[in-house]
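A.B. asks: Pasting a structure below so you can have a look.
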Amino acid sequence: MAEHDSDREDREPDEKGVPFDEAAAWAAIVAGYGEEPPDPPGTTPFKPVQDLALPPMEEDEAAAGPQAAQETPPARPLGSSVSFAPGVGPRDHTAPEASEDDFDEDDEGHFVPPEPPPLPTADTTARFAWLGVVGGPVLLLIAVLLGWDMTWWLATLGIGGFLGGFVTLVTRMKTDDDEDGDPGRGAVV
């Protein structure tokens with residue numbers, strides 16, 4: 001495919017014997033600027049926008065001619081493309097505030113969720129692991145921003161702290177294999 005395309009680029013365009021007058025082409029474009037081109041032969045012109053909303057004319061009205069259509073008042077338009085007036089629509093709706101009168105005797109009022117259980121306390125190993133995971137990249141970022149020399153101990157502390165903390169956290173994750181039974185038993189009620 002590439003060889004075929006390269007052959008096309010090497011060849012010069014064939015001359016038909018009639019030179020192309022670029023200035024005349026541009027003059028024709030500029031002369032026709034702003035004018036609507038004529039409709040091609042055999043086509044009907046478009047209806048004006050006002051006539052699109054009107055129902056089609058009856059046969060007796062069409063036979064009476066355009067004079068009769070002009071004498072009768074135009075029918076009311078069927079509709080428009082505007083569904084809602086500006087500022088009035090489904091996105092502008094606000095729900096009314098709830099009051100105590102909205103509830104019946106059966107309603108208990110608003111739902112108040114129970115207090116969540118306290119977060120589990122982290123042991124010392126988990127704290128140092130999180131310190132390595134977060135502190136290692138932060139130490140390297142501070143060293144780059146402040147222009148410190150990247151010595152071996154700084155790189156080892158940053159990268160080693162991150163990797164060591166990550167491995168420690170992953171290995172200490174709890175698994176949900178509390179039950180060593182057959183997994184194909186189905187649901188247990």
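A.B. asks: Do we have residue 138 as in contact with a helix residue (DSSP H, G or I) (Cβ under 6 Å, 6 or more places away or on another chain), modelled with pLDDT of 95 or more and not aromatic (Phe, Trp, Tyr) here?
C.D. replies: Details: in contact with a helix residue (DSSP H, G or I) (Cβ under 6 Å, 6 or more places away or on another chain): no; modelled with pLDDT of 95 or more: yes; not aromatic (Phe, Trp, Tyr): yes.
For residue 138, the condition - in contact with a helix residue (DSSP H, G or I) (Cβ under 6 Å, 6 or more places away or on another chain), modelled with pLDDT of 95 or more and not aromatic (Phe, Trp, Tyr) - is not met.
A.B. asks: Tally up the residues in the stretch 6-31 that are in a helix (DSSP H, G or I) and either modelled with pLDDT of 70 or more or among the aliphatic types (A, V, I, L, M) (or both), please. Step through it out loud before you land on a result.
C.D. replies: As a first pass, look at the stretch 6-31 and keep what is in a helix (DSSP H, G or I): 6-10, 22-31.
Checking the rest, the ones that are also either modelled with pLDDT of 70 or more or among the aliphatic types (A, V, I, L, M) (or both) come to 22-31.
Summing the residues that are in a helix (DSSP H, G or I) and either modelled with pLDDT of 70 or more or among the aliphatic types (A, V, I, L, M) (or both) in the stretch 6-31 gives 10.
The values are calculated or read from the model by the stated rules, or taken from the named source; none is laboratory data. All values derive from a computational prediction rather than experimental measurement. All Cβ positions, glycine included, derive from the backbone under ideal geometry; neighbour counts span all protein chains shown.
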